[in-house]
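Okay, so here's the structure we're looking at.
Where a number appears in this text, it was derived from the coordinates with a stated rule and is not lab data. On a predicted model such as this, the values are computed, not experimentally measured, just so you know. When we count neighbours, we look across all protein chains shown, and the Cβ atoms used for this are built from the backbone with ideal geometry, even at glycine.
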Amino acid sequence: MKPGKGYYYYAEKEGLLFVRPTTWINESGIAVSELILHFSLSFENILIILDDMDLPFGKLRMRNSGSAGGNKGLASVIYHLDSEDIPRLRIGIGKPEKGDAIDWVLSPFTEKEEEEINEIMESAKKAIFLWLMKI
């Protein structure tokens, strides 16, 4: 990974950019908007990948547009790009049975989740490849 021109790191391989914001997640729209400006990208050529507490653990959902659905990182991207027409891949992390949502998101996976994570990542990888074939 190498530093970008602003609030992100990126790696480039075979014409693809893999980007990681260096902002807080709730401010990731700053990094995405800078990335778009620097590389002259269009919204439909960007795929935002995010966790989603409203989806069961491991369930994937891909959409080309829509609201943030309560995800503050995606809300920041929508705000900074002034558009909901941004492709996204949501990866379910489930909701806590009790306790704070922030603690849930930041907590390590359970032993059972650890056993499932490789299969979930493979499914996410396939979803990303299918999306790439479309653009």
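Below is a table of values for the structure above.
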| item | result |
| --- | --- |
| Dipole magnitude of the chain, debye to nearest 20 (Cβ charges: Lys/Arg +1, Asp/Glu -1, about Cα centre) | 380 |
| Rg over Rh [alpha-carbon atoms, Kirkwood Rh] for the chain | 0.96 |
| For the range 55-69, 3J(HN,Hα) per residue [Karplus equation, 6.51 cos²θ - 1.76 cosθ + 1.60, θ = phi - 60°, Hz, x = Gly/Pro] | 10, x, 3, x, 6, 10, 9, 10, 9, 8, 7, x, 6, 6, x |
| Which of R90, R61 has the fewest Cβ neighbours within 10 Å, and the rest in rising order | R61, R90 |
| The chain - percent relative contact order, Cα under 8 Å, separation 6 or more | 23 |
| Sequence-distant residues sharing a close amide H with R63 (under 5 Å, placed H) | R88, R90 |
| Per-residue ³J(HN,Hα) for the range 118-135, Karplus 6.51 cos²θ - 1.76 cosθ + 1.60, θ = phi - 60°, Hz, x for Gly and Pro | 4, 5, 5, 5, 5, 5, 5, 4, 5, 4, 5, 4, 4, 5, 4, 5, 6, 8 |
| Cα-only Debye scattering, the range 22-97: base-10 log of I(q)/I(0) at q = 0.22 Å⁻¹ | -0.97 |
| Relative exposure of H80, H38, judged by other C-beta atoms within 10 Å (fewest first) | H38, H80 |
| Footprinting exposure proxy for E111, E122, E44, E14 (fewest neighbouring C-beta atoms within 10 Å first) | E14, E111, E122, E44 |
| Lysine-lysine proximity count for the chain, Cα under 21 Å, sequence distance 8 or more or distinct chains | 18 |
| Karplus 3J(HN,Hα) series, Hz, for the range 37-46 with 6.51 cos²θ - 1.76 cosθ + 1.60 (x for Gly, Pro) | 5, 5, 9, 6, 9, 9, 4, 5, 9, 10 |
| Of all DSSP beta bridges in the range 2-134, antiparallel share, percent nearest 5 | 70 |
| Under-5 Å amide H pairs with Y8, H placed in peptide plane, nonlocal only | T22 |
